[in-house]
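*Asks:* My questions all concern the structure below.
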């Protein structure tokens, strides 16, 4: 039940105190994000870790002036592939085969099948699909942060175009999706801190089909 207790402890922290998250805890959170499952194991996203105060000030300007951006220890940014391609899919599958001691071309047929499914769906579907994969990693990072007693505030409230420009994501074939300031809650000034956590009752949330 430790994970459940950790999830009950966490909340979307509204005010952070600027305390630095130790490197070992940051690394743990990032490893959880890295080892999260993704469709076909492609991991069509990357995570950018920002601690530079000047850059965080710039981000805050296009993130609705949310104070957690500049009061956090680190800002994690998930950026997803802007599209799939035979090359992108093939590179991942070839690397996987080599890491497993198999010939690089082991997954050629699977790569062709996967691209045959993805190509007709178009770039908008590609972008949305890769973003959904990024959210899985994002969720694992939130849970890992809670396990480490590190506060985290999930945020979609920012200008993705300006974030992409600031980090040069377009040049990398990436699009920013979601961000996560991590740090520690301030003792005062957070209206949400002491409020009861409320979730849908289990009986309404879960439907069992036997």
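*Asks:* Counting only residues that are in contact with a helix residue (DSSP H, G or I) (Cβ under 8 Å, 6 or more places away or on another chain) and over 24 Å from residue 36 (Cβ atoms), how many does region 113-133 have?
*Replies:* 0
*Asks:* Residues that are crowded, with 16+ Cβ neighbours inside 10 Å, part of a helix (DSSP H, G or I) and in contact with a strand residue (DSSP E or B) (Cβ under 7 Å, 6 or more places away or on another chain): does region 179-191 have at least one?
*Replies:* Looking through region 179-191, none of the residues is crowded, with 16+ Cβ neighbours inside 10 Å, part of a helix (DSSP H, G or I) and in contact with a strand residue (DSSP E or B) (Cβ under 7 Å, 6 or more places away or on another chain).
*Asks:* Working carefully through the options 91, 105, find the one that is more than 24 Å from the chain's Cα centre (by Cα), surrounded by fewer than 16 Cβ atoms within 10 Å (Cβ to Cβ), free of Cβ contacts under 8 Å to residues at least 12 places away in the same chain and in a helix (DSSP H, G or I).
*Replies:* Of the residues listed, the single one that is more than 24 Å from the chain's Cα centre (by Cα), surrounded by fewer than 16 Cβ atoms within 10 Å (Cβ to Cβ), free of Cβ contacts under 8 Å to residues at least 12 places away in the same chain and in a helix (DSSP H, G or I) is 105.
*Asks:* Could you look through region 165-175, keep only residues that are within 15 Å of residue 56 (Cα to Cα) and touching a residue at least 60 places away in the same chain (Cβ under 8 Å), and pick out the one that is nearest to the chain's Cα centre (by Cα)?
*Replies:* 167
*Asks:* Surrounded by 15 or more Cβ atoms within 10 Å (Cβ to Cβ), in contact with a helix residue (DSSP H, G or I) (Cβ under 9 Å, 6 or more places away or on another chain), more than 30 Å from residue 43 (Cβ to Cβ) and in contact (Cβ under 8 Å) with a residue 24 or more places away in the chain, is that true of residue 152? Before the answer, list the steps.
*Replies:* Values: surrounded by 15 or more Cβ atoms within 10 Å (Cβ to Cβ): yes; in contact with a helix residue (DSSP H, G or I) (Cβ under 9 Å, 6 or more places away or on another chain): yes; more than 30 Å from residue 43 (Cβ to Cβ): no; in contact (Cβ under 8 Å) with a residue 24 or more places away in the chain: yes.
The answer is no for residue 152.
*Asks:* Which residue out of 26, 56 is without any contact (Cβ under 8 Å) to a residue 60 or more places away in the chain and crowded, with 16+ Cβ neighbours inside 10 Å?
*Replies:* Of 26, 56, the one residue that is without any contact (Cβ under 8 Å) to a residue 60 or more places away in the chain and crowded, with 16+ Cβ neighbours inside 10 Å is 56.
*Asks:* Do we have residue 75 as buried (at least 19 other Cβ atoms within 10 Å of the Cβ) and either under 21 Å from the mean Cα position of the chain (by Cα) or within 18 Å of residue 164 (Cβ to Cβ) (or both) here?
*Replies:* Yes.
*Asks:* Exactly one condition in (1) free of Cβ contacts under 8 Å to residues at least 40 places away in the same chain; (2) not in a helix (DSSP H, G or I) is false for residue 117; which is it?
*Replies:* Only one criterion in (1) free of Cβ contacts under 8 Å to residues at least 40 places away in the same chain; (2) not in a helix (DSSP H, G or I) is unmet by residue 117, namely (2).
*Asks:* Quick one: what pairs do we get from region 198-210, first residue assigned to a loop (DSSP other than H, G, I, E, B), second surrounded by fewer than 10 Cβ atoms within 10 Å (Cβ to Cβ), C-beta under 8 Å, 6+ apart or different chains?
*Replies:* 199/205
*Asks:* Residues in region 132-149 that are part of a helix (DSSP H, G or I) and either free of Cβ contacts under 8 Å to residues at least 60 places away in the same chain or on the phi > 0 side of the Ramachandran plot (or both): how many? Outline the logic, then answer.
*Replies:* So the first thing to find is which residues in region 132-149 are part of a helix (DSSP H, G or I), and the list is 132-147.
Checking the rest, the ones that are also either free of Cβ contacts under 8 Å to residues at least 60 places away in the same chain or on the phi > 0 side of the Ramachandran plot (or both) come to 132, 135.
Count: 2.
*Asks:* Go over the candidates 168, 189 one by one and state the one that is on the phi > 0 side of the Ramachandran plot and modelled with pLDDT of 95 or more.
*Replies:* 168
*Asks:* Would you say residue 81 is farther than 30 Å from residue 186 by Cβ and either loosely packed, with under 13 Cβ neighbours inside 10 Å or in contact (Cβ under 8 Å) with a residue 60 or more places away in the chain (or both)?
*Replies:* The answer is yes for residue 81.
The values are calculated or read from the model by the stated rules, or taken from the named source; none is laboratory data. Every value quoted in this text rests on a predicted model; they were computed, and no experiment measured them. Please note: Cβ atoms are built from the backbone with ideal geometry, for glycine as well, and neighbour counts cover all protein chains shown.
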